[in-house]
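The values are calculated or read from the model by the stated rules, or taken from the named source; none is laboratory data. In this text, all values refer to a predicted model and were calculated from it rather than measured experimentally. No Cβ is skipped: glycine too gets one built from the backbone with ideal geometry, and neighbour counts run over all protein chains shown.
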């Protein structure tokens, strides 16, 4: 799916963990299929999700334990029970489907049942099931064994970061790795079986989406977590010292979200070495992502042109410098391997002409967030009248407040006044939500995306993430009864009127088909009336 030729359509942003699934955290079970049915009824053609990777401390999908593996807690126990790998009665004590995501509860109660199911699978799988499992392992041999070993050792050392393990394991000494293979064979097989479960269930859900002409817009974070299988397995491609500690780390300078910038702390790539190797690690990463998603959002696209480099000793992101990245060479190589690049560039923040040139050179649409358009004149580039077709328009993203929460924030008096002037007829706070959705849908942007929180008219209590903010993040889930048919009907009508409903005009003329087109029928009716 080439993005530069994308037909007009729209979608909804909802991370999988925000589904009201039984077990405390959204997963690939019945609630996911019900949500896809809602998307189809609302004539949406895209489901945008955040990274599906396994998460570490804080449960942030952008702080993953692997850039290749899937998050085990997204596996549906209901579906495992249907397949006979875990007993139904064991699901009774799990956290419920209502309330915020309970990551700790899922880790403590759900994950052990997934391990039990994997153990049962390995002992009792049929010949056909074993063949599928073996094919999955073979197809993913480039990353799966290392990830399984990383996870087994992580549990062995009580979930401490890999640089705190004994040196023979932290630095992957050959004899120590051989010993892990011989001593932990069953545990390694379980880890691979869990990834097989993830793959089977996600592929099934994607097929259900495809049958309803719904594509998946996934997310690839530019950087990887230091405490990850990626850095542990490939330390040579990251800026690490002899003890494998970070030398320089990632972040962004002071911006809209934080006066001291954001010190993300991810180790930076040795881009020169990656260039010499034909960007092999990135080729493998994108190949894996294209097995999961139809379209890929490249998070922090700005970093592919130049990235903010911070000395690892610095406590904030204020003292850093911009360093050029070989984005042109990288995307040229990816285009050689994959042909058309189905990428969306997350090009928010302070963007230079060089970043725009890189994005446009490879035909990637950029992102325009309506909330950003009302602060000052410089933000008008985010408003519909300044958009171009090769754009993705959002009312807000997972990093923004909800539209209603943004409108009700007392700090946004100027933005409220400007939005009132631009959108008009906002006499009640609830009206701002539909006005923003309408504005995005009416724009010339080929794709517009609405966070589900906006569709449901929810306030700040439903915010997903506050960049550089403290407290619990990523925990919002919608109520099991929230997807009222009226929301779907209202969206469907708007999609029809803004030509985003996926309607395909007849390829033959009305005379050849023997039926009048809508326009011809209307002319006939008008003539009869006259």
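I'd like to check something: does region 436-448 contain any residue that is surrounded by fewer than 17 Cβ atoms within 10 Å (Cβ to Cβ), part of a loop (DSSP other than H, G, I, E, B) and either touching a residue at least 60 places away in the same chain (Cβ under 8 Å) or out of contact with any helix residue (DSSP H, G or I) (no Cβ under 7 Å at 6 or more places or on another chain) (or both)?
Within region 436-448, one or more residues are surrounded by fewer than 17 Cβ atoms within 10 Å (Cβ to Cβ), part of a loop (DSSP other than H, G, I, E, B) and either touching a residue at least 60 places away in the same chain (Cβ under 8 Å) or out of contact with any helix residue (DSSP H, G or I) (no Cβ under 7 Å at 6 or more places or on another chain) (or both).
Yes or no: region 449-462 includes at least one residue that is touching a strand residue (DSSP E or B) at 6+ places or on another chain (Cβ under 7 Å), in a loop (DSSP other than H, G, I, E, B) and under 20 Å from residue 367 (Cα atoms).
No, every residue in region 449-462 fails to be touching a strand residue (DSSP E or B) at 6+ places or on another chain (Cβ under 7 Å), in a loop (DSSP other than H, G, I, E, B) and under 20 Å from residue 367 (Cα atoms).
Across region 262-294, what is the total count of residues that are farther than 19 Å from residue 327 by Cβ and in contact (Cβ under 8 Å) with a residue 60 or more places away in the chain?
5
Return the residues of region 282-308 that are surrounded by fewer than 17 Cβ atoms within 10 Å (Cβ to Cβ) and more than 17 Å from the chain's Cα centre (by Cα); say none if nothing qualifies.
Once the filter is applied, which keeps residues that are surrounded by fewer than 17 Cβ atoms within 10 Å (Cβ to Cβ) and more than 17 Å from the chain's Cα centre (by Cα), region 282-308 yields only 284.
Just for region 326-342: of the residues that are within 23 Å of the chain's Cα centre (by Cα) and not in a helix (DSSP H, G or I), which one is surrounded by the most Cβ atoms within 10 Å (Cβ to Cβ)?
Only one residue fits best here, namely 342.
Sort through 412, 390 and tell me the only one that's surrounded by fewer than 22 Cβ atoms within 10 Å (Cβ to Cβ) and touching a residue at least 60 places away in the same chain (Cβ under 8 Å).
390
Exactly one of these conditions fails for residue 107: (1) more than 30 Å from residue 241 (Cβ to Cβ); (2) part of a loop (DSSP other than H, G, I, E, B). Give me its number.
(2)
Name every residue in region 352-382 that is outside any helix (DSSP H, G or I) and either touching a strand residue (DSSP E or B) at 6+ places or on another chain (Cβ under 8 Å) or not assigned by TED's automatic domain parsing to the domain that holds residue 439 (or both), in order of residue number.
352, 362, 364, 365, 366, 367, 368, 369
Residue under question is residue 385, and the condition is that it be surrounded by 15 or more Cβ atoms within 10 Å (Cβ to Cβ), without any contact (Cβ under 8 Å) to a residue 40 or more places away in the chain and on the phi < 0 side of the Ramachandran plot; does it hold?
No; evaluated as a whole, the condition is false for this residue.
I'd like to check something: does region 427-434 contain any residue that is part of a helix (DSSP H, G or I), under 15 Å from residue 385 (Cβ atoms) and without any contact (Cβ under 8 Å) to a residue 24 or more places away in the chain?
no
Condition first: touching a helix residue (DSSP H, G or I) at 6+ places or on another chain (Cβ under 9 Å) and either assigned to a loop (DSSP other than H, G, I, E, B) or not assigned by TED's automatic domain parsing to the domain that holds residue 188 (or both). Now tell me which residues in region 132-152 satisfy that.
Of everything in region 132-152, those that are touching a helix residue (DSSP H, G or I) at 6+ places or on another chain (Cβ under 9 Å) and either assigned to a loop (DSSP other than H, G, I, E, B) or not assigned by TED's automatic domain parsing to the domain that holds residue 188 (or both) turn out to be 140, 142, 143.
If I ask for residues that are more than 19 Å from residue 477 (Cα to Cα) and within 24 Å of the chain's Cα centre (by Cα), which ones from region 87-132 would you list?
111, 114
Take region 77-100 and flag every residue that is more than 14 Å from residue 114 (Cα to Cα) and touching a residue at least 24 places away in the same chain (Cβ under 8 Å).
Within region 77-100, 95, 96, 97, 98, 99, 100 meet the criteria.
For the structure I just gave you, tell me whether residue 526 is part of a helix (DSSP H, G or I) and modelled with pLDDT of 95 or more.
no
Return the pairs, sorted by first residue and then second, in which the second residue is modelled with pLDDT of 95 or more and surrounded by fewer than 22 Cβ atoms within 10 Å (Cβ to Cβ), the first residue lies in region 31-47 and is closer than 24 Å to residue 342 by Cβ and not assigned by TED's automatic domain parsing to the domain that holds residue 202, the beta carbons are less than 6 Å apart, and the residues are 6+ apart or on different chains.
Hits for this filter: zero, empty list.
Checking residue 84 against (1) surrounded by 17 or more Cβ atoms within 10 Å (Cβ to Cβ); (2) outside any helix (DSSP H, G or I); (3) more than 25 Å from the chain's Cα centre (by Cα), only one condition comes out false. Which one?
Residue 84 satisfies all of (1) surrounded by 17 or more Cβ atoms within 10 Å (Cβ to Cβ); (2) outside any helix (DSSP H, G or I); (3) more than 25 Å from the chain's Cα centre (by Cα) except (1).
Scan region 234-262 for residues that are farther than 21 Å from residue 162 by Cα and in a strand (DSSP E or B) and jot them down.
Answer for region 234-262, where residues must be farther than 21 Å from residue 162 by Cα and in a strand (DSSP E or B): 251, 252, 262.
Being out of contact with any helix residue (DSSP H, G or I) (no Cβ under 7 Å at 6 or more places or on another chain), part of a helix (DSSP H, G or I), crowded, with 19+ Cβ neighbours inside 10 Å and at pLDDT 95 or above is the requirement here; does residue 230 meet it?
Yes: the conditions hold for residue 230.
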